Amino acid sequence: ANFCRRFAITVSNLTKLYSHKKMDSEQVARRILDAATEQGWLARKAWEVGKTKVFLKDNSDKVSLEELRESKCEGLAILIQSVLRMHLVRKRVFKEKFEKQKREAKIKLENEKNGAAAILL
């Protein structure tokens, strides 16, 4: 369970499936290790999944999994930062655009008032 919680982030949508109990721990662990093997982080002979435990051949395999997790976390952090920056820029641009429209509407309204006053005189 700890392994699954820690490394589920390495496979897309796996965290959601695991947290909503759509997959059990053994399936999640197998999927994590299969993905790590496909991506070249682990050799297939270096791991085995038991009923309640994940067995790694040596400590370097654990280090490889940690490096994979860190690279995924860094990628997600960069994605979050870029989305936040984009939101802040859009917010500023829309605010400037709204204020410009407000100023133009105010000027137009003043011009209409002045024009109506000139017609009355």
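The values are calculated or read from the model by the stated rules, or taken from the named source; none is laboratory data. The shown structure was predicted, so the numbers you read here are calculated from the model rather than taken from an experiment. Neighbour counts are summed over all protein chains in view; Cβ atoms, including those assigned to glycine, are modelled from backbone coordinates with ideal geometry. For accessibility, only protein heavy atoms count, side chains too; no ligands or nucleic acids. Shrake-Rupley method; radii C 1.70, N 1.55, O 1.52, S 1.80 Å.
Numbers at a glance
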| read-out | value |
| --- | --- |
| The stretch 14-59 - accessible surface per residue (Å², probe 1.4 Å) | 72 |
| The chain: Rg to Rh, with Rh as the Kirkwood radius over Cα pairs | 1.52 |
| Of every Cα-Cα pair in the stretch 36-85, the percent that sits beyond 18 Å | 44 |
| Accessible surface of the chain [probe 1.4 Å, protein heavy atoms]: carbon and sulfur percent | 57 |
| Principal-axis tilt of helix 25-38 within the chain, Cα atoms, nearest 10 degrees | 80 |
| Projected label distance in nm at Lys62 and Asp34, using a 7 Å step from Cα toward the beta-carbon | 2.6 |
| Cα-based helix-to-principal-axis angle, 59-120 vs the chain, degrees rounded to 10 | 10 |
| Length-normalised contact order for the chain - Cα pairs under 8 Å, 6+ apart - percent | 18 |
